[in-house]
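Just below is one structure, and these are the notes that go with it.
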Amino acid sequence: MAVTLLRVLVLGVIAAAADDLPVTWAPARTLLPCVVPDGETLVVRGPPLLLDSDDQNRLKPYVWIKDNEEIKQSLTNVTLEVLQKKDGTSEGVYQCGVRHHGLVLGYPIILKFAFIEKYVSVVPENSTVRAGQPFVLTCNISSGPSASITWLKGEEVISENDRYYYIDNKHQLLILNAKEQDAGVYWCKATNPVLNKSRNSSPALVQVEREEGQTGLAFLPLQQDTTIYVSKGSRVVLPCPVVGWPKPEIVWKLTPSIGRTAEQETIDQVLVLPSMQADLEGVFSCSVDGNNDLVKTYNVTITEPVNITLPPASKQVYRASTVRFNCTATGKPAPIITWYKDGKPLVLAGRKVVLTSFEGNRRELLIRSVTSDDAGVYQCFARNALQERGAWARLEVAGAGAEAPRGVRCAAAGPARVRVYWDLMDADVVAYTVQRSVSQGTMYPGVPRTTNEEIITVNEPLTPYKFQVTAYILTKNNKTIASDPSETVTCQGQGVPIKITRVNDERVVVSWHQFAEEHPGVLQWTLQYRTEDDNQIQNVTFDGSVHQYSFQALPGTELRVLGWKVLGIPENLSDVPWQRADLDRVPDGYVTAVPTNVRVTSLGSRDMIVTWRCDEAESSLDLYTFLVCVKDMEGNEDCIESKSNTATVDNLEPNSEYEVRVQARLPGQLVGGAFSDPVDISTQSEGIERFQDLNHKYINSTTIRVSWSSGSEKKFLVQYSNDLELPVDQWASVETSGNTILLTGLNLTKELHVMVTGYEPEGFREITTIPSEVPVVEDLHYTVGERGVTVQWRGRGPRVLRYTQNLTHSLDSWVELTVPHNSVTLTDLDPNVETYLVVAAPGTDQKSQVVTIPPHPSDYSTLYLGLGIVGGVLLLLVLAVAAICIWRHRKRFLTPDRSRRRNVSTTDGQGESCELQDRAVRERLANGVKDAGEPLLNGTVHITENPSSKRPNGRARRGERRYEVAFDLSRHEESAAPPPDPPPPTHTPYDLSRRYNKLPDDNMNELPRPAPSSPEDTKVQPTLQPNG
């Protein structure tokens, strides 16, 4: 169990977190914190954070997990250090966990390392604009996180005002009412806020010319999102620039979520909401006054932080009881709630389900028939695209229990029947119950029974169900307790009802069409058959759209048909019955096939198209022909023959009623099978075809405007449908008294068929087919970067991108990608080979031009740059060493030599040589010889060597060291023969004696001289002045 707790966060949770949470961008080295919901209430279970060498095998109280694997790294604290790797393996979803009677997960972190491309991919272009008209400049670069854009004109940063606006997070600069002073050079600067690196675009020259003549009106294309989420109090800019002359007026309207549409006071082409409030939330629309065809809408929603209003609370319950955990959260966009148990995603199926209150404002986790295994930590996370919050609670299970039933098995016993059986228990069992549930549904209890087998009828045929068995045991004190539920087994019903038709002595047609029509959703069918001589089962597998099969089957052959709505589930088919194929041969000329589902499509005034189905003929159309008969109200019937399951009938009368039926027959035989059920139809009225110029115009993705020329008609009926085969009387219709109408709620990704009928007098327009609205792929370009080739284009909506590096391959064999946005990065290309690609809207044949990407061998610029940096550093080091050597050489010759102080002991001899040396030193000191030495603080003067005998480092040259006798300025001891009295002192510039009765201390401060104790002490002794 301990090892299991370490491996949490399955791959599905990682993908869900990656889809719902914002990305954390980090530099090459980052520290990830461990933030746990309600972390202050946790009691960490485990050893201390700093583990001894003997405790390395013990479980740590903190766990870090990445991509379903525990990070094998010793942590001294909760923080995790992550370093960027070149192969990108260090990026991913990180999540920490803390042990607290289980494992409590922290908030997941989607880590990506910041980057910015070398060049700006979309640069502002040179343009010429007309005075008084709006224009826009675009700047974009591949960066993570999104780069901060700064716009400049020349060297001056552009600020927003009443004519300059930043659009699409500053990626576009919108300038209204162009003036002559707006002409100049514009460029942008993109800065990555994490890496603090910037890239500059190339400059663009904007010229302004005078307005001349009248031009049509159109919206200026922008990259602004139409669905905007902002926080309360934020500034919102809604652009609606229109180009054309004369300059139009803009009408702004607000449709709140609750209330009526209200017109705004402003008529500007940009609506600025300085402080977003709740009364401004809703749909803003801008339109050109007098031209309803130019309409643009913005849906503005105020976001609210995620808040868990009813968190789960820890509980202690008894076994076999029911427990509920609340986890109700609020926020905008509405948060999605996920549950975990002991750090693992909780599978919500069977006994564990999430219930929502009738009002929809309360959500709770419900656990039925609680077992001992249900004890642990339950944790819920509420997240949306902006924020995530979590809460957790602990569940303790008490009460006596018993072992669960063992050996539970199941087997299919029919399309909607499953047999469940298990081993008998060695206990005083009062009853057994079998609980069942759909694969992801609620577990429903069964009826008590005393046997160890039950055949259960399920609601959905061919659908997997889960089964569990619970035993109720009588204890010694005459109390009944419930055992733990058994292990779950999964089975589904099998054995499809089939219809067998023998065509000849060797060939039969097996059909299960009726069952397939009644129970759609089957992915795969399997026909099994065996013969009497060989009991080996043969399998024939079909796609879910096949409902019959024709094959050679000898008399005595047994067969059955199986179906699967979920593939990969093991089946026990021992109880599925077989059906024999030894039916009597059909007599010649006798047909058992009966057409069904007869439908009339494309009904006009004088013709129609009839379609039908015939299960027995679908796999062998060469065996049958069909007779389509049309009878009018007078009993006249005309028939035509068809070899397929469709026929066109013409020569009908307008505004008449007919009965249509179909018969199957063998070719060349006059006798056929039974007719299908008749279908009654009425042809259209034939009027004057007046509306020849029916026009249409796309308003948005679900709205289209239809107009036509009108004569004397006063009323019109507009009928429309995406399905041309649907009878016209079943088309959607709208009545109008004008010659234009707005059709809403349409699916414009498919063809739309429209027919207009006029009354008073009567007139009509033939069915007009409006093609699907396919956004054209524009401005397709690419950039080559370190991550691969990035392809971008203009135009919203999903696209299908196909590419290949071998142009000889057909387009169908090209690699195909479905891209939800307007850019994609291709990383699996060979950089040494050309690449060819096209982009198209999904489900259409419209494509862009073929773009050829030339070879782009690997870029070694990074290697070259690194070598250049290393060489430059080495060159700088060499220059620095040379400069130091030159400086020291110049200093040696230009700086005056000064002797160094050396600690030389004074001479202790009393001979004549010492006196002579003393006298010589005094003379040198009195005469100011430069190499006489320097006085020390204690009054001693060091006599140093000849400077020419010293090295640059101050040391004496070997063999040339000599010493002078130190000249002691302190008081000497009296000798036997006192020296003669010195002559009266004369004051010279080198006189070191003093005229006052003070001596310096160690800090060169003057101290009072003690009173003389003898006549000798009255003699004035030479002293050292503070300045040396």
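The values are calculated or read from the model by the stated rules, or taken from the named source; none is laboratory data. It should be emphasised that the depicted structure is a prediction, and the values quoted were computed from it without experimental measurement. When we count neighbours, we look across all protein chains shown, and the Cβ atoms used for this are built from the backbone with ideal geometry, even at glycine.
Things to note:
- Boolean, E156 is among the acidic types (D, E) and farther than 25 Å from F219 by Cα: yes
- Within region 111-128, the set of residues being of a type in the set (S, T, N, Q) and either under 23 Å from P27 (Cβ atoms) or at pLDDT below 90 (or both) comprises S121 only.
- Within region 200-222, tally of residues that are within 29 Å of D293 (Cβ to Cβ), of a type in the set (G, A, S) and either in contact (Cβ under 8 Å) with a residue 60 or more places away in the chain or in a strand (DSSP E or B) (or both): 2
- Verdict on P333 being more than 23 Å from A393 (Cβ to Cβ), under 28 Å from the mean Cα position of the chain (by Cα), modelled with pLDDT under 90 and not β-branched (V, I, T): yes
- Residues located in region 446-464, provided they are under 45 Å from the mean Cα position of the chain (by Cα) and within 20 Å of R406 (Cβ to Cβ): G446, I456
- Which listed residue, of G343, G290, G282, is under 30 Å from L217 (Cβ atoms), outside the structural domain of Y472 (by TED's automatic domain parsing) and touching a Leu at 6+ places or on another chain (Cβ under 7 Å): G282
- Test: residue in region 187-199 that is among the charged types (D, E, K, R), under 21 Å from E117 (Cβ atoms) and not in a strand (DSSP E or B): no
- Strands (runs of 3 or more DSSP E) fully within region 454-541 counting 2 or more residues that are within 30 Å of A593 (Cβ to Cβ): 499-502, 507-511, 524-530
- The selection criterion, being exposed (fewer than 15 other Cβ atoms within 10 Å of the Cβ) and either at pLDDT below 80 or touching a His at 6+ places or on another chain (Cβ under 9 Å) (or both), holds for P798.
- Scan region 518-548 for residues that are in contact (Cβ under 8 Å) with a residue 12 or more places away in the chain and either touching a Gly at 6+ places or on another chain (Cβ under 6 Å) or at negative phi (or both) and the total you get is 21.
- Residue, modelled with the highest pLDDT, within region 844-899, restricted to residues that are within 25 Å of E834 (Cα to Cα) and not in a loop (DSSP other than H, G, I, E, B): I853
- Only a single criterion out of (1) under 23 Å from L746 (Cβ atoms); (2) among the β-branched types (V, I, T); (3) at pLDDT below 70 is not satisfied by T808, namely (1).
- Test: residue in region 452-469 that is out of contact with any Cys (no Cβ under 6 Å at 6 or more places or on another chain), modelled with pLDDT under 85 and of a type outside the set (F, W, Y): no
- Residue that is modelled with the highest pLDDT [pool: residues in region 646-682 that are out of contact with any Asp or Glu (no Cβ under 7 Å at 6 or more places or on another chain), surrounded by 14 or more Cβ atoms within 10 Å (Cβ to Cβ) and not in a strand (DSSP E or B)]: S676
- Test for L395: is it in contact with a helix residue (DSSP H, G or I) (Cβ under 7 Å, 6 or more places away or on another chain) and surrounded by 14 or more Cβ atoms within 10 Å (Cβ to Cβ): yes
- Of the listed requirements (1) in a strand (DSSP E or B); (2) over 30 Å from K232 (Cβ atoms), E403 misses just one: (1).
- Residue that is nearest to F115 (Cα to Cα), among those in region 82-96 that are exposed (fewer than 10 other Cβ atoms within 10 Å of the Cβ) and of a type in the set (D, E, K, R): K86
- Flag if P256 is assigned by TED's automatic domain parsing to the domain that holds L294, farther than 21 Å from K332 by Cα and not polar (S, T, N, Q): no
One line per residue, one yes/no per condition, for (1) modelled with pLDDT of 90 or more; (2) under 19 Å from T488 (Cβ atoms); (3) in the same structural domain as A329 (by TED's automatic domain parsing):
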position: R351; (1), (2), (3): no, yes, yes
position: E359; (1), (2), (3): no, no, yes
position: S369; (1), (2), (3): no, yes, yes
position: D374; (1), (2), (3): no, yes, yes
position: R383; (1), (2), (3): no, no, yes
position: L386; (1), (2), (3): no, no, yes
position: A393; (1), (2), (3): yes, no, yes
position: Y421; (1), (2), (3): yes, yes, no
position: D428; (1), (2), (3): no, no, no
